[in-house]
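Report on one structure; see the data block that follows.
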Amino acid sequence: MVLRFWFAGPIVNKLGPLGLLATSAVLAIVGLYLLSTASGLFAIFAFATLYGFGKTFFWPTTLGVVAEQCPKGGALTLNAIAGIGMLAVGILGGPVIGKMTEDSIKASIEEATSEETYQAVSNDSTYFLGDYTAVDSKKVEDLSADEQNTVKESIQSGKQGSLASIAIFPVFMLACYLGLILHFKQKGGYKPIEI
């Protein structure tokens, strides 16, 4: 909130809205990647803060760009963009990130134990987007104490490691922002449309 209310204006004046979005994407990429291997409370807090700085400006700046480039659309356009974003995050983002996380957990468990152990502690399920396999915590409890510890450590390691894979989303966003920057540069620079 502090960054958005007191610092967004000067940053947008210096970088422009698309420059701020591109910079935010870079910070989010670096933050997620560093979080995927971080250990220790200070490092985790520092890298999460870096990621937080990155994601802080995505939403308001995106709405600002839409408002400046599509002024005739008014509230309807802003609500449509917001709705599309929320639907994408809720319906597609959650399951896709969940699949990426579960794939990372699977690799971590199989590396620490075996493929058979993963098969023994996982269940196949179905979501409207398709089938998936996930670790069942009740099945983990059926393992011996040593195996439980190994599997639980592997799950934690897999969850953390999946953050590096999830960084693909801000990488894609960065590519889009750079494309928009080039597009507007060819048109003489980014300028709000006035009606």
Relative contact order for the chain using alpha-carbon pairs under 8 Å, separation at least 6, rounded to a whole percent?
30 percent
Nearest 500 deg cm²/dmol is fine: what mean residue ellipticity at 222 nm does the chain get from its DSSP H runs of n ≥ 4 alone, each adding -39,500 (n - 2.57), divided by its residue count?
-23500 deg cm²/dmol
Using +1 on the beta carbon of Lys and Arg, -1 on that of Asp and Glu, and nothing else charged, what's the dipole of the chain about the Cα centre, debye to 20?
1520 debye
For the chain, find the longest principal axis of its Cα atoms and tell me its angle to the long axis of helix 168-186, 0 to 90°, nearest 10.
20 degrees
Mean Cβ count within 10 Å, highest first, over the residues of peptides 115-121, 66-72:
115-121, 66-72
Given pairs LYS14/LYS187; LYS14/LYS72; LYS14/LYS159; LYS159/LYS185; LYS72/LYS99; LYS99/LYS187 and cut-off 31 Å on Cα-Cα distance, the over-length ones are LYS14/LYS159; LYS159/LYS185; LYS72/LYS99; LYS99/LYS187
Carbon + sulfur, % of accessible area of the chain - ligands and nucleic acids excluded, 1.4 Å
66 percent
Determine the order of ILE168, ILE29, ILE44 by accessible area, beginning with the largest, at a probe radius of 1.4 Å.
ILE168, ILE44, ILE29
Considering only protein heavy atoms, what per residue accessible area in square angstrom results for the chain with a 1.4 angstrom probe?
63 Å²
ALA107 versus SER39: modelled label distance in nm, points set 7 Å from Cα along the beta carbon direction:
1.9 nm
What is segment 100-195's relative contact order, in percent, from Cα pairs under 8 angstrom and six or more apart in sequence?
32 percent
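The values are calculated or read from the model by the stated rules, or taken from the named source; none is laboratory data. Because the structure is predicted, anything quoted here is derived from the model rather than measured. Note that we place each Cβ from the backbone using ideal geometry, even for glycine, and neighbour counts take in every protein chain shown. Keep in mind that these areas ignore ligands, DNA and RNA; they rest on the heavy atoms of the full protein, side chains included. Shrake-Rupley method; radii C 1.70, N 1.55, O 1.52, S 1.80 Å.
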